[in-house]
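The values are calculated or read from the model by the stated rules, or taken from the named source; none is laboratory data. The model shown is predicted, which means the values in this text are computed figures rather than measured ones. Note that each Cβ is placed from the backbone with ideal geometry, even for glycine, and that neighbours are counted across all protein chains shown.
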Amino acid sequence: DTGVSQDPRHKITKRGQNVTFRCDPISEHNRLYWYRQTLGQGPEFLTYFQNEAQLEKSRLLSDRFSAERPKGSFSTLEIQRTEQGDSAMYLCASSLVLSGEQFFGPGTRLTVL
Amino acid sequence: EDQVTQSPEALRLQEGESSSLNCSYTVSGLRGLFWYRQDPGKGPEFLFTLYSAGEEKEKERLKATLTKKESFLHITAPKPEDSATYLCAVPSYNQGGKLIFGQGTELSVKP
């Protein structure tokens, strides 16, 4: 069990650029979640997948955000035309069953200049 | 609306000074309450799951308890390495198991 991994760990970009993050869940986990966390706050839900199907998206996820999980394995989160307000820690988590424990990756810290 | 509130926001303790963190929740049908530890710049690390009122879980100097309205994380004789932010979360009842988090309690233990 190698845990949840995320890449890159840090990303600095200029406003208006597109960025893409990757998450590799624990191999046998069929649920994958994306959260966003800002300083001093708990993580906020963005979207989740069961296998390759994206089943829910938060209202926080504007049209500039898109997520995929091809083949039900790794997932990508893309942000188009980044804004300074997108600066945050983006966390990925995976779980084995509904309402089971979610295990988090180390996160990707995004800074938009 | 499902909601989780943690208190205090920050707690400073001397090494060996025991205390408790509080997590109050409002959710339509509790399907578990999770405690996580988060170190600066890292993802949350899973600590405990509690499923029913009266349940207790222990790990080293930490003990988590659950009532029908709140959960406590008791820290006995803390050490500096226990310094971290402690988060509690509940799964949203009708929304695919997404976690609703409190804002966290930032614990600092001084030697």
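Kindly check whether there is at least one residue in segment B:49-56 that is touching a residue at least 24 places away in the same chain (Cβ under 8 Å) and either buried (at least 17 other Cβ atoms within 10 Å of the Cβ) or farther than 25 Å from A:LEU39 by Cα (or both). Give the derivation first.
Step one: filter segment B:49-56 for residues touching a residue at least 24 places away in the same chain (Cβ under 8 Å), giving none.
Scanning segment B:49-56, I find no residue that is touching a residue at least 24 places away in the same chain (Cβ under 8 Å) and either buried (at least 17 other Cβ atoms within 10 Å of the Cβ) or farther than 25 Å from A:LEU39 by Cα (or both), so the answer is no.
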A:LEU96 meets each of (1) within 8 Å of chain B (Cβ to nearest Cβ); (2) at negative phi; (3) not polar (S, T, N, Q) with one exception, condition (1)
Of all residues in segment A:57-85, which are more than 14 Å from A:LEU32 (Cα to Cα) and surrounded by 20 or more Cβ atoms within 10 Å (Cβ to Cβ)?
A:ILE79, A:THR82
Top-ranked residue of segment B:21-46 - restricted to ones that are under 23 Å from B:PRO111 (Cβ atoms) and either touching a residue at least 40 places away in the same chain (Cβ under 8 Å) or more than 8 Å from chain A (Cβ to nearest Cβ) (or both), ranked as surrounded by the fewest Cβ atoms within 10 Å (Cβ to Cβ):
B:PRO40
Given the criteria away from chain A (no Cβ under 12 Å), surrounded by fewer than 20 Cβ atoms within 10 Å (Cβ to Cβ) and within 14 Å of the chain's Cα centre (by Cα), does B:SER18 qualify?
no
Residue by residue through segment A:22-36, note down the ones that are in contact with a Cys (Cβ under 9 Å, 6 or more places away or on another chain) and crowded, with 21+ Cβ neighbours inside 10 Å.
A:CYS23, A:PRO25, A:LEU32, A:TYR33, A:TRP34, A:TYR35
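Identify all residues within segment B:3-14 that are within 14 Å of chain A (Cβ to nearest Cβ) and either loosely packed, with under 13 Cβ neighbours inside 10 Å or not in a strand (DSSP E or B) (or both); write none if there are none.
Going residue by residue through segment B:3-14, those that are within 14 Å of chain A (Cβ to nearest Cβ) are B:3-10.
Answer for segment B:3-14, where residues must be within 14 Å of chain A (Cβ to nearest Cβ) and either loosely packed, with under 13 Cβ neighbours inside 10 Å or not in a strand (DSSP E or B) (or both): B:GLN3, B:PRO8, B:GLU9, B:ALA10.
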Scanning segment B:76-96 residue by residue, those touching a residue at least 60 places away in the same chain (Cβ under 8 Å), touching a strand residue (DSSP E or B) at 6+ places or on another chain (Cβ under 7 Å) and either exposed (fewer than 15 other Cβ atoms within 10 Å of the Cβ) or not β-branched (Val, Ile, Thr) (or both) turn out to be B:PRO78, B:LYS79, B:PRO80, B:TYR86, B:LEU87, B:CYS88, B:ALA89, B:PRO91, B:SER92
Select from segment A:37-50 the residues that are more than 9 Å from every other protein chain (Cβ to nearest Cβ) and exposed (fewer than 13 other Cβ atoms within 10 Å of the Cβ) and write down the one among them that is farthest from A:ASN18 (Cα to Cα).
A:LEU39
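Considering only segment B:61-75, I want to know if a residue exists there that is free of Cβ contacts under 8 Å to residues at least 12 places away in the same chain, closer than 19 Å to B:VAL4 by Cα and not basic (Lys, Arg).
The initial filter retains those residues of segment B:61-75 that are free of Cβ contacts under 8 Å to residues at least 12 places away in the same chain, namely none.
No, the conditions are met nowhere in segment B:61-75.
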Name the residue that is modelled with the lowest pLDDT, counting only residues in segment A:51-68 that are in a loop (DSSP other than H, G, I, E, B) and within 14 Å of another protein chain (Cβ to nearest Cβ).
A:LEU60
Given the conditions (1) within 27 Å of B:VAL4 (Cα to Cα); (2) without any contact (Cβ under 8 Å) to a residue 24 or more places away in the chain, which single one is not true for A:THR38?
(2)
